[in-house]
Amino acid sequence: HKLAAVAGIKVTPSVVFDCLLTGPEILEQIKGLSYPLFVKPVKAGSSLGISKVYETNELSSAIKKAFQYDDRVIVEENIGGFEVGCAILGKQELLIGKIDEIELGDVLNNYKEKYTMQNSKLHMPARIDPEM
């Protein structure tokens, strides 16, 4: 988020936790964020430990789950839209892959869905115009 914001890219409002707090402390920290929220381990990959939270009573257990995968957890607002991505390899000279798009429908792109794609579709190339 910090790197994207410095580059002028709009990022979703979020809060990072370094330790598990009590319910009231969590609510105090996230006041101002709008549901639904995503709760994610900061450094874990493969969508491990991610939850989409629609109500306050789901928040504490989602944060506990995320802490099973990392020592820092981010809680961020949902962003409407669709997901695109690409591989980037290298350090000095970058090799940039084609942009793909994951069409999720009504499912969360959790670990199982990411690797089985039972309810998802992958579009290669992504359905976006070249300028985008």
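Please calculate the 1.4 Å probe accessible area of R127, with all protein chains present, and give it to the nearest 10 Å².
Estimated to the nearest 10 Å², R127 gives 130 Å².
If the chain were replaced by its equivalent ellipsoid, with semi-axes equal to the square roots of 5 times the Cα gyration tensor eigenvalues, what would those be, largest first, whole Å?
Details: eigenvalues 159, 64, 45 Å².
Square roots of five times the eigenvalues give 28, 18, 15 Å.
Report, to the nearest whole %, how much of the accessible area of the range 33-132 belongs to carbon and sulfur atoms, 1.4 Å probe, protein only.
Details: 3620 of 6960 Å².
Roughly 52 percent, rounded to a whole number.
Put +1 on the Cβ of each Lys and Arg and -1 on the Cβ of each Asp and Glu in the chain; which of P36, Q118, T12 then has its Cα farthest toward the positive end of the dipole?
Q118
Leaving out ligands and nucleic acids, note down the accessible area per residue over the range 1-119 with a 1.4 angstrom probe, in whole Å². Display every interim value, and only then the final one.
Numbers: 8170 Å² over 119 residues.
Computed with neighbouring chains in place, this is 69 Å² per residue.
Rounded to the nearest 500, what is the 222 nm mean residue ellipticity of the chain from helices alone, with -39500 (n - 2.57) per DSSP H run of 4+ residues and division by all residues?
Details: 4 runs with 28 residues, N = 132.
Using -39500 (n - 2.57) per qualifying helix, the result is -5500 deg cm²/dmol.
The values are calculated or read from the model by the stated rules, or taken from the named source; none is laboratory data. Not measured: the values here are computed from a predicted model. Cβ: placed from backbone, ideal geometry, glycine included. Neighbour counts: every protein chain shown. These area figures cover heavy atoms from the full protein model, side chains too; ligands, DNA and RNA do not enter into them. Shrake-Rupley method; radii C 1.70, N 1.55, O 1.52, S 1.80 Å.
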